[in-house]
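Every read-out reported here was derived from the displayed coordinates using simple, explicitly stated rules and does not represent laboratory data. Just so you know, these numbers come straight off a predicted model, no measurement behind them. A quick note on method: Cβ atoms are made from the backbone with ideal geometry, for glycine too, and the neighbour counts reach across all protein chains shown.
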Amino acid sequence: MSKYPIQKSEAEWKKKLTEEQYRVLRQKGTERPFTGEYNMHFEDGAYTCMACDTPLFKSVSKFDSGCGWPSFDESIEGRVEYIKDTSHGMIRTEILCANCGSHLGHVFNDGPTTTGQRYCVNSVSIDFNKK
């Protein structure tokens, strides 16, 4: 049994999500850099989980890191889960939606703001709700 409040079978996730969304959100994939809809998006509002609509990041925390993916310096408290990721010969911190367990990307301790954080998020993992 999953520990996440929102639970769906893999068949239900496949029906709800596009093929690319499923690959990234449910299979921990990564979109190509500089291709995502929200990489250079800077409107006022909130970024939500594409799978379950949970608000994850406020637009005031978004910045241009130059890495090719949307970057934020903090998440909304309690909305993101942090998992040690040792894949690909690296030690990183994976970020998941705390409501449904969907893969969002990774967080790094090299951010340029006072938080020192850089949440590197796949555009396909998030949606945007304008203020």
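Quick notes on this one:
- The mean sequence distance of close C-alpha pairs (under 8 Å, at least 6 residues apart), as a share of the length of the chain, puts its relative contact order at 29 percent.
- Pairwise Lys count, the chain - Cα closer than 17 Å, eight or more residues apart or different chains: 9
- Computed from backbone phi, the HN-Hα couplings of the range 39-53 come to 4, 10, 9, 9, 8, 7, x, 9, 9, 10, 5, 5, 7, 9, 6 Hz, rounded to whole numbers (Karplus: 6.51 cos²θ - 1.76 cosθ + 1.60, θ = phi - 60°; Gly and Pro given as x).
- For the chain, Cys with no neighbouring Cys Cβ under 4.7 Å: CYS67, CYS120
- The length gained by stretching the chain between THR35 and GLU77 to full extension, at 0.36 nm per residue less their Cα-Cα distance, is 12.3 nm.
- Ordering of 72-81, 3-12 by packing is 72-81, 3-12, highest average first (other Cβ atoms within 10 Å, averaged per residue).
- Taking Cα centre as origin and charging only the Cβ of basic (Lys, Arg, +1) and acidic (Asp, Glu, -1) residues, the dipole magnitude of the chain rounds to 340 debye.
- Distance from the range 88-129 to the range 1-59 (C-alpha centre basis), Å: 12
- Ranked by how many other Cβ atoms sit within 10 Å of their own Cβ, fewest first, the residues CYS97, CYS52, CYS120 fall in the order CYS52, CYS120, CYS97.
- Between GLU43 and LYS3, residue separation times 0.36 nm minus the direct Cα-Cα distance comes to 11.1 nm.
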